[in-house]
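Below is one structure, written out as structure tokens; the observations come after it.
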Amino acid sequence: MARRSGSWRHTLGWWAGLAGVTGLLALTGSALRGTDGLQTAANVAQLAGVILVVPTLLVPLWLWWRRSTVRPAVTSAHVDHAKDVLAGLIEHQWNTEARMRSVDDPSPIPVRWRLTRTSGVMDHPANLTPGLRRLSVHSDDIVAAARTFRRLRRRRLVILGDPGTGKTTLAIQLIRELLATRGAHPGEPVPVLMSVADWDTRNHPRLHQWLAVRLEHDYPALRAADLPAEMPAALATRGHVLPVLDGLDELSPPARQAVIVALNQSLADTDQLIVTSRTAEFSRAVEGAGDVLTSAMVIEPRALTPKTAAAYLERCLPPRPAAGWEEVLAVLRATPAGHDAGRVLATIAGTALGLWLLRVVYIDDRADPAPLTEPGRFPDTARLKGHLLDRLIPALIATRTPGADPADPFLPHRRHDPHQARRWLTYLARTMAHPLNGTPTRDFAWWDLARRTRAFTAVSRLAIAGAVTVVVASVVAAGLVVVYDPLFEITIVIAITVGLVGGLAVGLLSGSWPLEEPGFANLRLHGRRSLLARRLAGAVSAGIAAGIVVGGGVGIIVGIRAGLDFGFEAALPAGGVFGLLAALVVGAAAVVVFVLVAGFMGWVETPAAADRARAPMSSWQADRALNLVRIDAVVLGVGITFGGMGAAAGLRDGPVTALVAGLVLGLVPAFSLGLVGGLVGGNHHAWPAYAAATCRLAWSGRLPRALMPFLDDAHRLGLLRAVGPFYQFRHADLQDHLAAGPPG
């Protein structure tokens, strides 16, 4: 049936073409009759020749563009290549993050993990891996941990624990080891850590649907031009991705239960999975869902013994430690036989978070450790933990000074005042604790700042609309005065009218800006020249078609007006000459506009295979670049189009007039209509909303004006961590401590 339909359309196309040629020949023949029939017929024949030649040029261009833009179908070679690309991106991403978190300096904290003793959270023994019912994992022996994970009949693991026990760190260690040894295990899926708090099971009932969306958004390299368009979905649905879902406990209770149900409904026999969660929240989630995660081994940490904690701290100290450390280590080794201060210290040092805080505040900052063992100084663990969290920000700022190399990813770019940094981070923590939907979150998305803080209000939109109105009205008024110097009153009325229309358009359409996610932009030319050529060539065919339509219309108008001005006898030659020139000028301008706006913007938004995973800072920079490039492209395109029209209109008055008219009529719309079109066009306007929100929040002193550079430095300092395009506080306890404390 499809073949018949295609044959029918092919035959109809031939008949239509034959009818068109016949009609043009008949029109040429009829022009031979009457006065000056031969000259008229010659003019008509030239017109017919143009009409016949244009499709001849357009069809090959269109066919070439179709062949160059058709994406290939997914093959096993594409899958292997995409997996290698994804594995490289994730390995670089988490190796960098591990260095920022000092995971391997001097070695991972030696947390021991064993099968959970919490009843009702793990599947029946018959559904688990035989021989591993006494499973034990050590964080400081991640090679053995990865080997144990690979022995699971169904590689599904749930990592439980209280806050600060190292759940996410263990997941990151497993990801790095699985990636480092994947060469010896061909065909294994690529582990990808994602924040499960971003999964809305109502929009994506199946796990693989959500995975495909996150892969496409967080790893732009999977959308490179040499890969099939559906590559992220193919990796997710065909089991080539091992999802590592972090932070199940951050969801609301109904959402946690929905995730448990959705996971069991989504996982096939060979699907692999790793999940992290706090113990109490996971226990309530499986109870509410009425089921556990099928065939998943569930592990929990054992508290670090005081002797193990003392041994780790001793490894972090220099060979000749400062005075006071011998007493601290002795107290830890003697606990629980020691005094009360030793028991409080041992409790804090019994978690990965506590050990890290002790190291940063007292070892890295070279502070006197005497208060740690002073009787009565910290009567309970809450006091000591609060003391360490209070000292954390000053200690990290003091010990990680800005480096000489601004490209060093492990040192901040600038030195910050500790009190000011705490005030800004406190506001951020409180904002995350009380978002608009009523559910606290651990993920900070920069594009969500305007909506979450309600800093992008009607007043902000009115201010933006007013600024656009003033700019557009001023440019239009200046252009009107230069072009034909009308009465002052008319100039003001026209300028204000155009400015109000542009400002109103921006003001109305900017309401959706806080709801839009960031876009992608890649302005690197290296290795992407052929792609740029294909995108520009693909836009040429559409540009020529638009040039014919726009140029032809303007040419007819200019030709008629020129013919009327030159009188009846000279109407045809004068109108033909000026009309043809106008059509050529405006048509060429339209072609350039389409090539610039459509072709160039298509190239800018196309990722490359070498593009790294999206991080918060790179995501912000990409969306900012996309918005600025879009505005520039529209401004340039509008300027060229209207400049060509102005030049065409001034041709009959001489080349000087044409040049002046082209410049004026090009610049005025470029900086008015182009600005408006660049702001309201496209699908991604997260950066303008963010910029407006940060201006307002900085004016009130809540956040810095350069928020993202500050957060980037906080990440480099170790106060924040990055999970994909989201920022999180280094530990949930730090966020909760800041949110509950004074504003600073």
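The values are calculated or read from the model by the stated rules, or taken from the named source; none is laboratory data. Only a predicted model underlies this, so the values are computations on that prediction, with no experimental measurement involved. A quick note on method: Cβ atoms are made from the backbone with ideal geometry, for glycine too, and the neighbour counts reach across all protein chains shown.
Per-structure values
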quantity	calculated
Contacts under 7 angstrom Cβ, first residue in the range 443-459 being touching a residue at least 12 places away in the same chain (Cβ under 8 Å), partner of a type in the set (Asp, Glu), 6 or more apart	Asp443/Asp198; Trp447/Glu517
Number of the exception - Arg415 against (1) assigned to a helix (DSSP H, G or I); (2) at pLDDT 90 or above	(1)
Verdict on Glu287 being of a type outside the set (A, V, I, L, M, F, W, C), more than 26 Å from Leu738 (Cβ to Cβ) and not assigned by TED's automatic domain parsing to the domain that holds Gln257	no
Filtered residues of the range 290-307 (kept if surrounded by fewer than 19 Cβ atoms within 10 Å (Cβ to Cβ) and not charged (D, E, K, R))	Gly290, Thr294, Ala303, Thr305
Of the criteria (1) within 27 Å of Ala98 (Cα to Cα); (2) in a helix (DSSP H, G or I), which one Met194 fails	(2)
Matching residues in the range 490-530 - criterion: being under 18 Å from Arg612 (Cβ atoms) and either assigned to a helix (DSSP H, G or I) or without any contact (Cβ under 8 Å) to a residue 40 or more places away in the chain (or both)	Leu525, His526
Total residues in the range 289-331, condition under 18 Å from Asp365 (Cα atoms) and part of a loop (DSSP other than H, G, I, E, B)	8
Sole residue being closer than 26 Å to Trp620 by Cα and not in a strand (DSSP E or B), chosen from Ala280, Ala221	Ala221
Answer residue from the range 676-719, given it is free of Cβ contacts under 8 Å to residues at least 40 places away in the same chain and of a type in the set (A, V, I, L, M) and is nearest to Gly639 (Cα to Cα) among those	Ala691
Close pairs (8 angstrom Cβ cut-off, 6 or more residues apart or separate chains): under 18 Å from Arg156 (Cβ atoms) in the range 251-266, of a type in the set (Lys, Arg) anywhere	Arg256/Arg284; Ala262/Arg206; Gln265/Arg206; Ser266/Arg206
Evaluation of Phe378 against (1) in contact with a helix residue (DSSP H, G or I) (Cβ under 8 Å, 6 or more places away or on another chain); (2) closer than 21 Å to Leu734 by Cα; (3) without any contact (Cβ under 8 Å) to a residue 40 or more places away in the chain; (4) exposed (fewer than 15 other Cβ atoms within 10 Å of the Cβ) (one fails), failing number	(4)
Single residue of the range 73-89 satisfying the filter (of a type in the set (Val, Ile, Thr) and surrounded by fewer than 19 Cβ atoms within 10 Å (Cβ to Cβ)) that is modelled with the highest pLDDT	Val79
Any hit, the range 359-371, residues being within 21 Å of Arg112 (Cα to Cα) and either loosely packed, with under 15 Cβ neighbours inside 10 Å or not assigned by TED's automatic domain parsing to the domain that holds Gly166 (or both)	yes
Residue check, Val344 touching a Phe, Trp or Tyr at 6+ places or on another chain (Cβ under 7 Å), within 25 Å of Arg302 (Cβ to Cβ) and among the β-branched types (Val, Ile, Thr)	yes
Positions within the range 178-222 being basic (Lys, Arg) and under 23 Å from Asp443 (Cβ atoms), in sequence order	Arg202, Arg206, Arg214
Residues located in the range 332-358, provided they are assigned to a loop (DSSP other than H, G, I, E, B) and surrounded by 17 or more Cβ atoms within 10 Å (Cβ to Cβ)	Thr335, Gly338, Gly350, Thr351
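Rundown of residues vs (1) without any contact (Cβ under 8 Å) to a residue 12 or more places away in the chain; (2) outside the structural domain of Pro220 (by TED's automatic domain parsing); (3) more than 37 Å from the chain's Cα centre (by Cα), yes/no style:
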position	(1), (2), (3)
Trp94	no, no, no
Ser102	no, no, no
His124	yes, no, yes
Ser136	no, no, yes
Phe149	no, no, no
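One line per residue, one yes/no per condition, for (1) over 14 Å from Asp271 (Cα atoms); (2) at pLDDT below 90:
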{"position": "Arg156", "(1), (2)": "no, no"}
{"position": "Pro163", "(1), (2)": "yes, yes"}
{"position": "Leu174", "(1), (2)": "yes, no"}
{"position": "Pro189", "(1), (2)": "no, no"}
{"position": "Arg202", "(1), (2)": "yes, no"}
{"position": "Pro205", "(1), (2)": "yes, no"}
{"position": "Val213", "(1), (2)": "yes, no"}
{"position": "His240", "(1), (2)": "no, no"}
